[in-house]
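Student: The structure under discussion is supplied below as structure tokens; questions concerning it will follow.
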Amino acid sequence: MTHPGIELCGKTVRDAVTSGMVHADAICRLNEQYPSAAPTVIMDLTVEAEAFGAKVVFPEDEVPSVTEPLVSDKESIDNLQIPSLDTARVPEYLKANRLTAERVKDKPVFAGCIGPFSLAGRLFGLSELMIALYVEPENITVLLEKCTRFLIDYCRAIKETGVHGVIMAEPAAGLISNEDSTTYVRQVVEAVQDEHFIVILHNCGNAGHCTEAMVQSGAAALHFGNKIDMQDALANCPEDRLVMGNLDPVGLFKQSSSEEVYTATMNLLQQTKTWKNFVLSTGCDVPPHIPAENIEAFYQALTNFNRSM
């Protein structure tokens, strides 16, 4: 949850995704307002693609988006350069992480990044990538390797800012085989995860068919979207992994009443109370303009549940 923090600061989404200072202010303001277990940066899946050279548009009140593929064939993939960490908005996101980690001392702070396959999909076009995986797999392997090498560099830099982990959003991995989707994520996990820094693998496209791939990534925490039954997800994950999710951020938080949010939150907590590794969360980043009373109902349900336990 980051957009409500932007609104509390009187800023726009465009302000926050282009300024590390505004971004950090929004996270910290949100942290002061609500009792989250860990503040997180904005889930912006264009930062890394823009660093590679992709064209990105910046609506005033929505997250940025990539407008067109950057690569399309063997030649363009071979010529694609792995960007430095001084490129595009990468420095601003590193600044947001550093400033937040300096200001929030009583709980973990989590950064964010995109996953290798989802990054490749933004650079190549997701539909085109699906076809190319079967028609020209050797070219896509080169692209995925370049994406992974950049993400390892980026996550190492994120780690140096003082945050305690990174939420890697890899929703497109639900479209491919478990083995293919695991290989590259695992490389990033092995490069940066240790006893002081965790990778939280987020896949809101998982309806249950790629839970095993998420487990095999080695990520210390797994974050599920609202497409999956949370009890099934927990049953299929080892007890030594944190398992997070999965209330609907749009259908529930934005489009329902506070009473419905409270009831849904309490129901999920009751359904999952036998799992000690469960962490309550929305299934994905909540959109802008969530009613404050809905956020408050979510936390009130959690407070009441914990008291009852």
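The values are calculated or read from the model by the stated rules, or taken from the named source; none is laboratory data. Keep in mind the model is a prediction, meaning the values are calculated, not measured. Every residue, glycine as well, gets a Cβ built from its backbone with ideal geometry; the counts of neighbours run over all protein chains shown. Calculation scope for accessible area: heavy atoms of the full protein, side chains included, ligands and nucleic acids excluded. Shrake-Rupley method; radii C 1.70, N 1.55, O 1.52, S 1.80 Å.
Student: Within the stretch 64-81, count every residue that is open to solvent by less than 70 Å² (accessible area, probe 1.4 Å), assigned to a loop (DSSP other than H, G, I, E, B) and more than 17 Å from SER118 (Cβ to Cβ).
Tutor: Looking only at that region, the number is 1.
Student: Here is a follow-up. Could we say that ILE131 is of a type in the set (Val, Ile, Thr) and touching a strand residue (DSSP E or B) at 6+ places or on another chain (Cβ under 9 Å) here?
Tutor: On the way: of a type in the set (Val, Ile, Thr): yes; touching a strand residue (DSSP E or B) at 6+ places or on another chain (Cβ under 9 Å): no.
In short, no.
Student: Something else about it: Test GLU60 against the stated conditions and say whether it is open to solvent by 40 Å² or more (accessible area, probe 1.4 Å) and either out of contact with any Leu (no Cβ under 6 Å at 6 or more places or on another chain) or not polar (S, T, N, Q) (or both). Even if it seems obvious, please write down each step before you answer.
Tutor: On the way: open to solvent by 40 Å² or more (accessible area, probe 1.4 Å): yes; either out of contact with any Leu (no Cβ under 6 Å at 6 or more places or on another chain) or not polar (S, T, N, Q) (or both): yes.
Yes; evaluated as a whole, the condition is true for this residue.
Student: Scanning the stretch 217-228 for residues that are under 17 Å from VAL192 (Cβ atoms) and touching a helix residue (DSSP H, G or I) at 6+ places or on another chain (Cβ under 6 Å), which turns out most open to solvent (accessible area, probe 1.4 Å)?
Tutor: Among them, the one singled out is GLY218.
Student: Still on this structure, I have one more. For the stretch 140-161, how many residues meet the condition of being over 17 Å from the mean Cα position of the chain (by Cα), surrounded by fewer than 20 Cβ atoms within 10 Å (Cβ to Cβ) and not hydrophobic (A, V, I, L, M, F, W, C)?
Tutor: Selection size over the stretch 140-161: 6.
Student: Could you identify the single residue in THR274, THR263, THR303 that is of a type in the set (Ser, Thr, Tyr), in a loop (DSSP other than H, G, I, E, B) and farther than 14 Å from ASN226 by Cα? Let's see the steps before the verdict.
Tutor: On the way: THR263 fails: in a loop (DSSP other than H, G, I, E, B); THR303 fails: in a loop (DSSP other than H, G, I, E, B).
Residue meeting the stated conditions: THR274.
Student: Now a separate question. Looking at VAL185 and the list (1) in contact (Cβ under 8 Å) with a residue 24 or more places away in the chain; (2) open to solvent by less than 60 Å² (accessible area, probe 1.4 Å); (3) over 21 Å from GLY225 (Cβ atoms), which single condition is not satisfied?
Tutor: Among (1) in contact (Cβ under 8 Å) with a residue 24 or more places away in the chain; (2) open to solvent by less than 60 Å² (accessible area, probe 1.4 Å); (3) over 21 Å from GLY225 (Cβ atoms), VAL185 violates only (3).
Student: Being surrounded by fewer than 18 Cβ atoms within 10 Å (Cβ to Cβ) and among the small types (Gly, Ala, Ser) is the filter; apply it to the stretch 1-35 and report the residue that is nearest to ASN97 (Cα to Cα).
Tutor: Out of the qualifying residues, it is SER19.
Student: Tell me, yes or no, whether the stretch 36-43 has at least one residue that is surrounded by fewer than 18 Cβ atoms within 10 Å (Cβ to Cβ) and free of Cβ contacts under 8 Å to residues at least 60 places away in the same chain.
Tutor: Checked the stretch 36-43: no residue is surrounded by fewer than 18 Cβ atoms within 10 Å (Cβ to Cβ) and free of Cβ contacts under 8 Å to residues at least 60 places away in the same chain.
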